[in-house]
Amino acid sequence: MHEYCHRCGGELSASVGESPFCPHCGSPQLYLQDYEEQTDGSDGATTGAPPPPSPQQVEWKTAIRCALLVAGVAAVLSVVSSRVQLVSPLSWLWTISGSMITLALYQKQKPLAWMDAGVGARIGVVVGLALVTCLAVAMAVAGLVARFGLHSMAGFDAELTQALHAQIEKAAATTPEPPEVVRFLYSPEVRAGIMLAGFAMVSGVLLVLSTVGGALGGFMRMRRKVSA
């Protein structure tokens, strides 16, 4: 490839080598390295290392650990509140504020982590799932202990039977049910289904609240990029 002087137009011979001056007029020359030579990594400028992670990535290991801690405390408070009524408001407040508490713990451990409404909502979903799982396990274990260990579920069974009887009587006032259907409605399977349906409804509401709370908490704790 031939090179020409920008001043006199004379051809720059390849034999000039590294000389920065034109052999005809003595004008200094500026040699630019080709783009391919700059990006082939031969000069050590590029190391082939992957680009740095996006600042909007979530440190999921830390986020999940914080979510499980908050969910575990919520499960313990729910079990205690079933025996001590004074703890019930604290249990309810802790569970509703689970996303906010998790975000506070998350940023305390990762102060430089990116935070915005989207990140907060994603962490809120994880918090909601953790709360639902831990509360389900805690309620199941507490129920088994209360029924078969402490034998203290008679009052709960009576209240459930009374509520079920009221619903059946209300429905029978308009459309009487056959006796076999009524017996089935009083069966343990229907009671278990009612309890599971109630818990599923509460779980859905809790998941939505955790997501919304996480988005709100992330928006309040938003950190914007600072241009260098």
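The values are calculated or read from the model by the stated rules, or taken from the named source; none is laboratory data. Small disclaimer: the values here were computed from a predicted structure and weren't measured. Methodologically, a virtual Cβ is constructed for each residue, glycine included, from the backbone with ideal geometry; neighbour enumeration extends over all protein chains shown. Heavy atoms of the whole protein, side chains included, go into the accessibility calculation; ligands, DNA and RNA do not. Shrake-Rupley method; radii C 1.70, N 1.55, O 1.52, S 1.80 Å.
When the inverse distances between all different Cα atoms of the stretch 68-209 are averaged and flipped, the Kirkwood radius reads 17.7 angstrom.
Determine the share of the stretch 107-186's accessible area contributed by carbon and sulfur atoms, expressed in whole percent, with a 1.4 angstrom probe.
Values: 3500 of 5040 Å².
The C+S portion of the solvent-accessible surface of the stretch 107-186 is 70 percent.
Dipole magnitude for the stretch 88-228: about 1080 debye, using +1 per Lys or Arg Cβ and -1 per Asp or Glu Cβ, origin at the Cα centre. Across q = 0.22, 0.24, 0.25, 0.29 Å⁻¹, the stretch 68-138 modelled as identical point scatterers on its alpha-carbon atoms has Debye log10 I(q)/I(0) values of -0.90, -1.00, -1.06, -1.26, in the order of the q list. Using the Karplus relation 6.51 cos²θ - 1.76 cosθ + 1.60 with θ = phi - 60°, the per-residue 3J(HN,Hα) values for the stretch 182-188 come to 5, 5, 5, 5, 8, 6, x Hz, with x marking Gly and Pro.
When each of the peptides 180-190, 196-206, 68-78 is scored by how many other beta carbons lie within 10 Å of its residues on average, the order from highest to lowest is 68-78, 196-206, 180-190. In whole angstrom, the stretch 108-169 maps to an equivalent ellipsoid with semi-axes of 41, 18, 7, each derived as √(5λ) from the alpha carbon gyration tensor and ordered largest first.
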